[in-house]
Amino acid sequence: EPEVTQTPSHQVTQMGQEVILRCVPISNHLYFYWYRQILGQKVEFLVSFYNNEISEKSEIFDDQFSVERPDGSNFTLKIRSTKLEDSAMYFCASKGATDTQYFGPGTRLTVL
Amino acid sequence: QKEVEQDPGPLSVPEGAIVSLNCTYSNSAFQYFMWYRQYSRKGPELLMYTYSSGNKEDGRFTAQVDKSSKYISLFIRDSQPSDSATYLCAPGGIYNQGGKLIFGQGTELSVKP
């Protein structure tokens, strides 16, 4: 069964450093999403991406964040200058012709 | 008022019990209602989804939506220890919002053998 994959599973970085989180969505899907979940809190929407552009973003998704689909298979989330409060699980999701979003296993980001 | 509210639990039941998990939402523009299951430190796994008011059944799981009262429920029959997880309701589908889902806090369920 096709699935969304994410790398790395765990990323540790120093405050102020740039990180890139990578996702491989399900191959025939066209809609891509990033969500995050701070430990003990709810899953929060960050951004949706369709047709090579952002279709919706949340207040959390400020200028420090960017997304890219650099080739036909990867979808990335970049945080330019990480803060302590960026520590969270980051989930990628993708959607095809139906409305169901399929989530990856997540990347745990720890900012020291 | 929060967009989606869900009792975080924890909820502990004996094996074989019927479990009722509930959410309320405030935005009548939601078009569809997803239920996800999440194990500790894992990604949300889709369980069921509905579009309209009424019931939808899939095996031991029944999803129920009442749009008039903005109330969403998930029932689990004959609960098993393997059902122990956090259950997330996630409405979505507001027009022109890119298909984003708004998640509830999640209800932590523990099914004891």
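The values are calculated or read from the model by the stated rules, or taken from the named source; none is laboratory data. Quick caveat, the model's predicted, so the values are computed rather than measured. All Cβ positions, even for glycine, are placed from backbone atoms using ideal geometry, and neighbour counts span all protein chains on display. Note: accessible area is taken over every heavy atom of the protein model, side chains too, but ligands, DNA and RNA are not part of it. Shrake-Rupley method; radii C 1.70, N 1.55, O 1.52, S 1.80 Å.
Key figures for this structure:
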item	result
Members of region A:84-112 that are within 13 Å of chain B (Cβ to nearest Cβ), farther than 13 Å from A:Gln6 by Cβ and either open to solvent by less than 60 Å² (accessible area, probe 1.4 Å) or not hydrophobic (A, V, I, L, M, F, W, C) (or both)	A:Ala88, A:Lys95, A:Gly96, A:Thr98, A:Asp99, A:Thr100, A:Gln101, A:Thr110
Qualifying residue in region B:16-36 (condition: buried (at least 18 other Cβ atoms within 10 Å of the Cβ) and outside any strand (DSSP E or B))	yes
Residue under evaluation B:Ser69, criteria (1) more than 14 Å from chain A (Cβ to nearest Cβ); (2) within 12 Å of the chain's Cα centre (by Cα); (3) over 29 Å from A:Lys57 (Cβ atoms), criterion not met	(2)
Selection from region A:1-16 of residues that are modelled with pLDDT of 95 or more, assigned to a loop (DSSP other than H, G, I, E, B) and open to solvent by less than 100 Å² (accessible area, probe 1.4 Å)	A:Val4, A:Pro8, A:Ser9, A:Gly16
Subset of region A:3-49 [within 16 Å of A:Asp86 (Cβ to Cβ), among the hydroxyl-bearing types (Ser, Thr, Tyr) and under 11 Å from the mean Cα position of the chain (by Cα)]	A:Tyr35
Tally, over region A:56-73, of residues that are open to solvent by 30 Å² or more (accessible area, probe 1.4 Å), more than 18 Å from A:Cys23 (Cα to Cα) and either hydroxyl-bearing (Ser, Thr, Tyr) or out of contact with any strand residue (DSSP E or B) (no Cβ under 7 Å at 6 or more places or on another chain) (or both)	3
Filtered residues of region A:28-83 (kept if among the polar types (S, T, N, Q), more than 9 Å from chain B (Cβ to nearest Cβ) and not in a loop (DSSP other than H, G, I, E, B))	A:Ser66, A:Thr76
Region B:80-110, residues that are open to solvent by 10 Å² or more (accessible area, probe 1.4 Å) and assigned to a loop (DSSP other than H, G, I, E, B)	B:Gln80, B:Ser84, B:Gly93, B:Ile94, B:Tyr95, B:Asn96, B:Gln97, B:Gly98, B:Gly99, B:Lys100, B:Ile102, B:Gln105
Residue satisfying condition, being open to solvent by 60 Å² or more (accessible area, probe 1.4 Å), outside any loop (DSSP other than H, G, I, E, B) and not aliphatic (A, V, I, L, M), within set B:Ser12, B:Ser69	B:Ser12
Leading residue by the ranking (most open to solvent (accessible area, probe 1.4 Å)) among those in region B:39-58 that are at the interface with chain A (Cβ under 8 Å from one of its Cβ atoms) and part of a strand (DSSP E or B)	B:Glu45
B:Arg77, sole failed condition from (1) within 13 Å of another protein chain (Cβ to nearest Cβ); (2) surrounded by 13 or more Cβ atoms within 10 Å (Cβ to Cβ)	(1)
Residue among A:Lys78, A:Lys42, A:Lys83 that alone is of a type in the set (Lys, Arg) and closer than 21 Å to B:Gly93 by Cβ	A:Lys42
Condition broken by B:Lys42, with the remaining ones in (1) within 28 Å of A:Thr107 (Cα to Cα); (2) of a type outside the set (Val, Ile, Thr); (3) within 14 Å of the chain's Cα centre (by Cα) satisfied	(3)
Scope region B:21-38; condition aliphatic (A, V, I, L, M), more than 11 Å from chain A (Cβ to nearest Cβ) and touching a strand residue (DSSP E or B) at 6+ places or on another chain (Cβ under 6 Å); matching residues	B:Leu21
